Every structure is written in C-alpha cells, then in structure tokens.
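**Q** After the structure tokens below, expect a handful of questions from me.
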Amino acid sequence: MAPGLRERKKEATREALIEAALELFATHGFDATSVDQIAERVEVSARTFHRYFPAKEDVLFPDTPLRLELVATLLASDDGTRPVLEVLCAAATELAATLATDPRRQALRFRIIEGNDRLRAHNLRASEEIADRFAAHAATRLGLGRRDRLPNLLGQWSLGVLRTAHRRWLADPKLDIVEEVRAGFVILETVEAATTDTTTKRSRKR
C-alpha cells in the first residue's frame, strides 16, 4: 500500500533536513552549524527539526536504527542449517545493499564524520552495535559464551569487511558493494574450520 500524502510530506521534510544539514556542515563545519540554521534552510522551526532528529548529530545517522533492526531480523531468520560465516556474510551483504544509495550524499556524509572527533565517536558506537549483533549470533550458533574470543572476532571481522567494502565503494562508486562484501568474506573462509570444529571451539574459549 502506497504511503499517504501526510507520510510523503513527512518523508520529504526529513530528506530536506538531511540535505540541508549536509550542505551546511560541508560549508561551515559541523560545530559551527546550528539546528536553527538547518531548520531555516528548509523553512521549518527548530522544534520541527527535533521531531525528526533528537540531536544535531542524529541527522548524519538517520538510518542507523533501521539498519540495526535489519541485522537483527536477518540473523533471527537463521535456521541453523548453514555455516556461521555464510549466515554472517548473507546478513552483511543485505546490510551493504542499504548503504549503496546516493554515492554523492554518502561520500559527503563520510567526509563530515571523519573530520569531527565527536562524530567519529558516534559512528564508532553505531558500528560497534552492529558488530555486537554479529558476535552475539555467532556465540549462540557456536554454543560459546558472549565474552569468548571467537564470536567477538567474528563480529569484528564482519564489521571490518563492511567498512572496507564501504570505503572502497565510496572511492569508486562503480564497484559493486555487495560483491565487495562477498569477496571480503571469501578471505575470512580460512577461519571456517574454527567455527565448525567443536574441539577447537572448546580450546578457544576466552
């Protein structure tokens, strides 16, 4: 069912706020740009801005909650019949596909984040949440503790593959980011034995 007029207007306002914020951050810097300036550019009030984004930095991470929900849903659909790395790769490729939209905006957003310590810290926290989801699922599948070494490494490796694919795609948008993720997981297949050998699993705890 297609969204109604009200929903379309709300989405248009949200997109306009994101675009205005990116342009102002790129021109004046994140710290020097106020919520009032962003709102004024879109001809809405600061109060309206905060209906969409609780804080100024949230306008740079508009899809983080949806991506976390996507990862959770994809991992929850695992029926236990596939190798762990295959499951993680499938979830990572689905997530990567959501990143491959509007290379210009993504590159601009990335430059703004990388140029500000506060935003980099915010981005790191969001990324770590994704890694934690992968790690928790791997721990459950492998029958290991959440603090054990192997599932945490799998979570960080999965995140590393995603980051590498994203950076390579930003540098060259002609690349297929999904194939980049798959290629990264091919490299990680050397750890497949450690995810299926029960003897190795027990020896690698903590």
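The values are calculated or read from the model by the stated rules, or taken from the named source; none is laboratory data. These numbers come from a predicted model, not from an experiment. Virtual Cβ from ideal backbone geometry, glycine too; neighbours counted across all protein chains shown.
**Q** For region 1-48, which residues satisfy the criterion of being touching a residue at least 40 places away in the same chain (Cβ under 8 Å), of a type outside the set (D, E, K, R) and assigned to a helix (DSSP H, G or I)?
**A** Those that are touching a residue at least 40 places away in the same chain (Cβ under 8 Å), of a type outside the set (D, E, K, R) and assigned to a helix (DSSP H, G or I): Leu17, Ile18, Leu22, Phe25, Ala26.
**Q** Quick one: in region 89-148, of everything that is in contact (Cβ under 8 Å) with a residue 12 or more places away in the chain and among the polar types (S, T, N, Q), which residue is nearest to Leu75 (Cα to Cα)?
**A** Thr93
**Q** Another one. Listed residues Leu74, Leu68, Leu24, Leu85; which is under 27 Å from Leu170 (Cα atoms) and not assigned by TED's automatic domain parsing to the domain that holds Arg182?
**A** Leu24
**Q** Just name the residue that is nearest to the chain's Cα centre (by Cα) out of those in region 87-138 that are surrounded by 14 or more Cβ atoms within 10 Å (Cβ to Cβ) and part of a loop (DSSP other than H, G, I, E, B).
**A** Of everything passing the filter in region 87-138, Ala100 is nearest to the chain's Cα centre (by Cα).
**Q** Name the single residue that is farthest from Arg14 (Cα to Cα) among those in region 57-74 being surrounded by 15 or more Cβ atoms within 10 Å (Cβ to Cβ) and without any contact (Cβ under 8 Å) to a residue 40 or more places away in the chain.
**A** Leu74
**Q** Applying the selection to region 44-56, what residues are exposed (fewer than 13 other Cβ atoms within 10 Å of the Cβ) and within 18 Å of Glu23 (Cα to Cα)?
**A** Within region 44-56, Ala55 is the sole residue that qualifies.
**Q** Here's a follow-up. Which ones in region 4-47 are closer than 19 Å to Asn116 by Cα and touching a Ser or Thr at 6+ places or on another chain (Cβ under 9 Å)?
**A** Once the filter is applied, which keeps residues that are closer than 19 Å to Asn116 by Cα and touching a Ser or Thr at 6+ places or on another chain (Cβ under 9 Å), region 4-47 yields Ala21, Leu24, Phe25, Thr27, Thr33.
**Q** Kindly provide the set of residues from region 151-168 that are β-branched (Val, Ile, Thr) and closer than 14 Å to Glu189 by Cα, ordered by number.
**A** Val161
**Q** Just need a number here: residues in region 49-78 that are part of a helix (DSSP H, G or I) and of a type in the set (Gly, Ala, Ser).
**A** Step one: filter region 49-78 for residues part of a helix (DSSP H, G or I), giving 49-52, 56-60, 64-76.
Next, only the ones that are of a type in the set (Gly, Ala, Ser) stay: 72, 76.
Total meeting the criteria: 2.
**Q** Name the one entry in Leu75, Leu22, Leu108, Leu85 that is within 24 Å of Gly160 (Cβ to Cβ), at pLDDT 95 or above and touching a helix residue (DSSP H, G or I) at 6+ places or on another chain (Cβ under 6 Å). I'd like the intermediate steps shown before the answer.
**A** Working: Leu22 fails: within 24 Å of Gly160 (Cβ to Cβ); Leu108 fails: at pLDDT 95 or above; Leu85 fails: at pLDDT 95 or above.
None of the others qualify; the one that does is Leu75.
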